[in-house]
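The values are calculated or read from the model by the stated rules, or taken from the named source; none is laboratory data. Everything numeric in this text was worked out from a predicted model, so none of it was measured. Backbone-built Cβ (ideal geometry, glycine too); neighbour counts: all protein chains shown.
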Amino acid sequence: MRPDYAEKIPNNVGLAQDRRLQRALESWQPNFLSWWESMGPALPTKDVYLRTAIDVRGDGWATFGHVPMLDYRWGIFLADRAPGRQIAFGAHKGEPAWQKVPGEYRAELQRLIVIQGDTEPASVEQQRNLGATAPSLYDLRNLFQVNVEEGRHLWAMVYLLHAYFGREGREEAEELLHRNSGSEDSPRILGAFNEETPDWLSFFMFTYFTDRDGKYQLGTLKESAFDPLSRTCEFMLKEEAHHMMVGTTGIDRVVERTAQVMTENDTDDVAAHGAIPLDVIQKYLNFHYSVSLDLFGSETSTNVANYYTAGLKGRWLEERRQDDHLLTDDAVQVDALIDAGDGELSIAQTEVSALVGLNTDLRAQYVADCAGGVKRWNRILAEAGLPQRLYLPHVAFNRHVGAYAGIEASPAGEILTTAQWAARTAQWLPTDTDKAFVRSLMQPVRERGKIAAWVAPPRGAPRGGGINNQPFDYDYVHLA
Ligand SMILES: [Fe+2]
Ligand SMILES: [Fe+2]
């Protein structure tokens, strides 16, 4: 079905044929807009060069144009239905995918959708003030693109809650607008989504590491036996690719600029030259990677085993896995803290049933993906002729969830005493001084084709390198 743009809420789910649902969503719409006005981007703009989804297929799925942000057409788009789709895993493997929510799994499915839905507006809230300090109009536009699409992802989850979960679903949809990132009384559900994103280095790290967690979570929900959830997530993943690009190339450009200043001045101390020292970049990386690992939950989880067996949530690329997709007889190694008997704890592995270890499976995919980013950034350093390298810290480093939550460990993975940790943490995590320094660099640049000194322009600038084949120096944003 092609999206209907004449509707108040653009959609390809036949909303006009379901008056009750349409009315319910139309009454949620003003609440969404007032949330956007009070919690969304704070910088006033006239219009922004934005991508809007208009289809779910092929190259023509989006259009680009200057739009006032409040007029953005947030819509409801599900990927096409695959005729005859069967459940690919778990106890219901081989049965037709569900078009309705089975009563026995209602509570669990609703919970999964609420948790995913809660992250979407959270990141918009976290990024609310970044517009004030954007390093270029190109970056400012990318920030707003990510923001409007996270808003659309909220719509995607709210649609499912309204359409399939009755009154409780509608109440949860309201709650998604009432919880707020970092709020004392009603914080967002997951820890990483209550952290601040106070500067653009944090933003690039967030879109690299935390949006990437989102990619993997959506990947597991895309496998769901509940077909509308699967199709929703499939389309969200398409938009998510841009968010990954913003993070990956954002960090590329920070590293590139730092490397350039290091070689030009033959010094590691680039702060004096207005660039971000490599060790500060590493500390930000350490922080964002470790809080994102926490989002994968404990190494073992009976809940997740049950979700899998029930068909609610699969593995990353489930259908490409060469096994029985039941996992009842399989075992895996997971990270653990082992007491050898002498009271001495060590970082080690332990064997558990594959079903119980599914969080570990997903996290392993994510870690391998993150390693790809580090490789890219190190190539930039190598090409600049520099011997320094960035790295991913050990999984035990700075963890607050899972097997290593109760210990302190160095980025190399040695267990530390509380005193050792306290003495050395400033080498590994951003200090107040680091943060203040990074913040001091965040002076907005709002002239077309210009860019702040701490970050390189995208490759191909100024004549290319932009969005939708536009040049870097295009007028991406008209400020109010
Ligand atoms: Fe999202
Ligand atoms: Fe995202």
Check on residue 429, out of contact with any Lys or Arg (no Cβ under 9 Å at 6 or more places or on another chain) and closer than 19 Å to residue 279 by Cβ: no
Pick from the stretch 126-140, criterion crowded, with 23+ Cβ neighbours inside 10 Å and part of a helix (DSSP H, G or I), ranking: farthest from ligand 1 (Cβ to nearest atom): 137
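Whether any residue in the stretch 96-106 is within 16 Å of ligand 1 (Cβ to nearest atom) and touching a residue at least 24 places away in the same chain (Cβ under 8 Å) is what I want to check. Don't jump to the end; show me each part of the working.
The initial filter retains those residues of the stretch 96-106 that are within 16 Å of ligand 1 (Cβ to nearest atom), namely none.
For the stretch 96-106, residues within 16 Å of ligand 1 (Cβ to nearest atom) and touching a residue at least 24 places away in the same chain (Cβ under 8 Å): absent.
For the structure I just gave you, tell me whether residue 139 is farther than 28 Å from residue 473 by Cβ and within 20 Å of the chain's Cα centre (by Cα).
Numbers: farther than 28 Å from residue 473 by Cβ: no; within 20 Å of the chain's Cα centre (by Cα): yes.
Spelling it out, it is not the case that residue 139 is farther than 28 Å from residue 473 by Cβ and within 20 Å of the chain's Cα centre (by Cα).
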Of the criteria (1) surrounded by 13 or more Cβ atoms within 10 Å (Cβ to Cβ); (2) in a loop (DSSP other than H, G, I, E, B); (3) not hydroxyl-bearing (Ser, Thr, Tyr), which one residue 342 fails: (1)
Verdict on residue 259 being away from ligand 1 (no atom under 16 Å from the Cβ), assigned to a helix (DSSP H, G or I) and either touching a residue at least 12 places away in the same chain (Cβ under 8 Å) or out of contact with any Leu (no Cβ under 6 Å at 6 or more places or on another chain) (or both): yes
Top-ranked residue of the stretch 191-245 - restricted to ones that are part of a loop (DSSP other than H, G, I, E, B) and within 16 Å of ligand 2 (Cβ to nearest atom), ranked as modelled with the lowest pLDDT: 195
Any chance residue 287 is assigned to a loop (DSSP other than H, G, I, E, B), of a type outside the set (Ser, Thr, Tyr) and at pLDDT 95 or above: no
Residue 362, sole failed condition from (1) in a helix (DSSP H, G or I); (2) without any contact (Cβ under 8 Å) to a residue 12 or more places away in the chain; (3) within 28 Å of residue 298 (Cα to Cα): (2)
Checklist (1) β-branched (Val, Ile, Thr); (2) within 14 Å of the chain's Cα centre (by Cα); (3) farther than 24 Å from residue 478 by Cβ applied to residue 146, failing item: (3)
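What about residue 220, is it hydroxyl-bearing (Ser, Thr, Tyr) and either within 30 Å of residue 100 (Cα to Cα) or away from ligand 1 (no atom under 16 Å from the Cβ) (or both)? First the steps, then the outcome.
Numbers: hydroxyl-bearing (Ser, Thr, Tyr): yes; either within 30 Å of residue 100 (Cα to Cα) or away from ligand 1 (no atom under 16 Å from the Cβ) (or both): yes.
Yes: the conditions hold for residue 220.
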Residue identified as under 28 Å from the mean Cα position of the chain (by Cα), free of Cβ contacts under 8 Å to residues at least 40 places away in the same chain and under 17 Å from residue 296 (Cα atoms) among 336, 396, 412, 405: 405
